[in-house]
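Visitor: My structure is below; once you've seen it, I'll send some questions.
The values are calculated or read from the model by the stated rules, or taken from the named source; none is laboratory data. Keep in mind it's a predicted model, so treat the numbers as computed, not measured. Glycine also receives a Cβ, built like all others from the backbone with ideal geometry; neighbour counts cover every protein chain displayed.
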Amino acid sequence: MEVTLQTRGGGYHYFSKLDLKSGFWQLPIDENDRHKTAFITPFGLYEWNVLPQSLRNAPPSFQRIMSNVLSSCIDFSLVYLDDIVIFSRNYDEHLIHLEQVLTVLQSHNLTLNPPKCQLAKQTIEYLGH
């Protein structure tokens, strides 16, 4: 992530890291597509109602959806699957950016995992960096 922020011009002093709670499971599968997820057990035939991580195309599909969800915040956020980072040059700007991202997530009924979130920090670790 450090290289990405540097290529965006750097100078960022405030960061927030958001983690979606069971991110994949927050995305419903269209009823017409659920049959594509069917599996059989000794107890019967089952279909997923939400996006399971185990499907081959689940991670790229989830990434595409999250990138689209946060497209209006692209100038001050990065998203990798269920991890979101928000970056700003000053504290007041950061509060505005944070509110924008949270509003977008709320409008899509996406919920966060508060214990894994870090808000308005001057340094964070994101994706191990």
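Visitor: Can you tell me which residue is surrounded by the most Cβ atoms within 10 Å (Cβ to Cβ) among those in region 54-78 that are of a type in the set (D, E, K, R) and over 24 Å from Tyr12 (Cα atoms)?
Guide: If we take residues in region 54-78 being of a type in the set (D, E, K, R) and over 24 Å from Tyr12 (Cα atoms), then Arg64 is surrounded by the most Cβ atoms within 10 Å (Cβ to Cβ).
Visitor: Taking Gln53 and the conditions (1) modelled with pLDDT of 90 or more; (2) assigned to a loop (DSSP other than H, G, I, E, B), which numbered condition does it fall short on, given that it satisfies the others?
Guide: It is condition (1) that Gln53 fails.
Visitor: Return the total of residues in region 23-47 being closer than 22 Å to Leu112 by Cα and either in contact with a helix residue (DSSP H, G or I) (Cβ under 9 Å, 6 or more places away or on another chain) or in contact (Cβ under 8 Å) with a residue 24 or more places away in the chain (or both).
Guide: 6
Visitor: Here is a follow-up. Looking at region 63-79, can you tell me whether even one residue there is in a loop (DSSP other than H, G, I, E, B) and within 18 Å of Asn113 (Cα to Cα)?
Guide: The answer is yes, given that some residue of region 63-79 is in a loop (DSSP other than H, G, I, E, B) and within 18 Å of Asn113 (Cα to Cα).
Visitor: While we're looking at this one, here's another question. Among what's in region 87-129 and is part of a helix (DSSP H, G or I) and among the acidic types (Asp, Glu), pick the residue that is farthest from the chain's Cα centre (by Cα).
Guide: Once the filter is applied, the top-ranked residue is Asp92.
Visitor: Cβ-Cβ below 6 Å, separation at least six or inter-chain, first residue in region 96-118 and under 15 Å from Gly23 (Cβ atoms) and modelled with pLDDT of 95 or more, second of a type in the set (Gly, Ala, Ser) and not in a helix (DSSP H, G or I): which pairs?
Guide: Qualifying pairs under 6 Å: Val101/Ser77.
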